[in-house]
Amino acid sequence: GIIKARSYQNLDGDTTNETSFRRNTKSEKSVTIDQSSKKNKRREKKIGVFRPSCDAYTPRMANRPIKYKPAQERTSVEKMSTTMGTIQRPNFRDALRRVAIILHQHITKIEQRFETGVRGADDTGLFKASMREVFNEDLYATPRYRCCMVRVPMARPGVVYSMRKIRTVYNTPTTDEIYDFAHQLFKKVQLSSECSIVCLIYVEKLMEVAKVPLLSDTWRPIFMCGLLLASKVWQDLSSWNIEFASVYPQFSLEAINRLELQFLKMIKWDLYISSSLYAKYYFALRSLLEKSGFRNRYNQMVGGIGGIAASEAMKVSKRSEAVKEEALLHLSRSM
């Protein structure tokens, strides 16, 4: 090291020596910023978290204070009523429409996830690509074949024909297709009105626990099995698997049995639904129409602008007005 010494005279006249030492360190520490670490953080996979419908579509109060209103200023019960019915007895058509809207939302979003992912996989890890093949409709639906007769001059009697398997092309379903798929089951098997809400709980539990994606080629088996389990758990007189096979002839009884067993294994045989969870889903479905996008889709399903039912409703109204005018004309002549 280097030693420096200096002397100075204080007030008393004494001379004081001050020695200062400075030592040279062998190696100086330097801090460098690694630019590659930032790039690695950017390349890290985003972890997706599944949000069930009872959490995603429930309106939030945030920090808004709830002000007290006297009884005269409160909204009447008649205006607070909804077309969905009560929590004990919901309207099955209205509840089924809302469930179809949510399932359609799941299908479109998950399809986008797999399209933007690398090699058809979900980059966020929210759903597994292997689960897509487990509930593929081709594994459970009865295959169809096209038979072509061939005319060949033969000495012996017989028929020559060729069979070719029909390959099904799966497209993203509309809300009307999802609704009609389940509505025919409600009409023929007489399911209770709560089964649509319970089915949605089971389907989302399958998506959350087993990371099963709801896609265009998996939604029919999953939706049908969810309704089957909802009927067996919720209803006192549940439906049989053979009844579901008669409603959906493309699924055999043996295929429905395999599908039900696979569904139960994936959700780890957990079919319990608490009253609070059912109430959360009910009120989430009830408040679903507060969002403009869902409200427009719902209005189209029940006969809003652009729907098929709207044109039919206009024809019925015009026909009823014509009958009414004709009846009034006959009444005026008789008087």
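Brief remarks on what is shown
- Filter result (hydroxyl-bearing (Ser, Thr, Tyr) and not in a helix (DSSP H, G or I)) within region 191-217: Ser192, Ser193, Ser216
- Residue within region 208-222 that is closer than 28 Å to Gly85 by Cα, in contact (Cβ under 8 Å) with a residue 24 or more places away in the chain and touching a Pro at 6+ places or on another chain (Cβ under 8 Å) present: yes
- Enumeration of residues in region 230-258 that are open to solvent by less than 10 Å² (accessible area, probe 1.4 Å) and under 23 Å from Tyr170 (Cα atoms): Phe244, Tyr248, Phe251, Ala255, Ile256
- The criterion of being within 17 Å of Tyr248 (Cβ to Cβ), of a type outside the set (Val, Ile, Thr), open to solvent by less than 80 Å² (accessible area, probe 1.4 Å) and in contact (Cβ under 8 Å) with a residue 12 or more places away in the chain holds for Leu227.
- Residues located in region 131-144, provided they are within 13 Å of Pro213 (Cβ to Cβ) and open to solvent by 70 Å² or more (accessible area, probe 1.4 Å): Glu133
Quick grid of which residues meet (1) more than 26 Å from Pro90 (Cα to Cα); (2) hydrophobic (A, V, I, L, M, F, W, C); (3) over 20 Å from the mean Cα position of the chain (by Cα):
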| residue | (1), (2), (3) |
| --- | --- |
| Glu194 | no, no, no |
| Asp217 | yes, no, no |
| Gly226 | no, no, no |
| Gln235 | no, no, yes |
| Phe244 | no, yes, yes |
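- Residue count for region 73-90, restricted to those that are of a type in the set (S, T, N, Q) and at pLDDT 75 or above: 2
- Residues in region 185-207 that are among the charged types (D, E, K, R) and open to solvent by less than 10 Å² (accessible area, probe 1.4 Å): 1 in all.
- Test: Leu285 is open to solvent by less than 50 Å² (accessible area, probe 1.4 Å), at pLDDT below 80, within 29 Å of Thr86 (Cα to Cα) and outside any loop (DSSP other than H, G, I, E, B): no
- Residue within region 105-123 that is at pLDDT below 75, among the aliphatic types (A, V, I, L, M) and either touching a strand residue (DSSP E or B) at 6+ places or on another chain (Cβ under 8 Å) or surrounded by 11 or more Cβ atoms within 10 Å (Cβ to Cβ) (or both) present: yes
The values are calculated or read from the model by the stated rules, or taken from the named source; none is laboratory data. The model shown is predicted, which means the values in this text are computed figures rather than measured ones. Neighbour counts run over all protein chains shown; Cβ positions are idealised from the backbone, glycine included. Note: areas computed on protein heavy atoms with side chains; ligands, DNA, RNA excluded. Shrake-Rupley method; radii C 1.70, N 1.55, O 1.52, S 1.80 Å.
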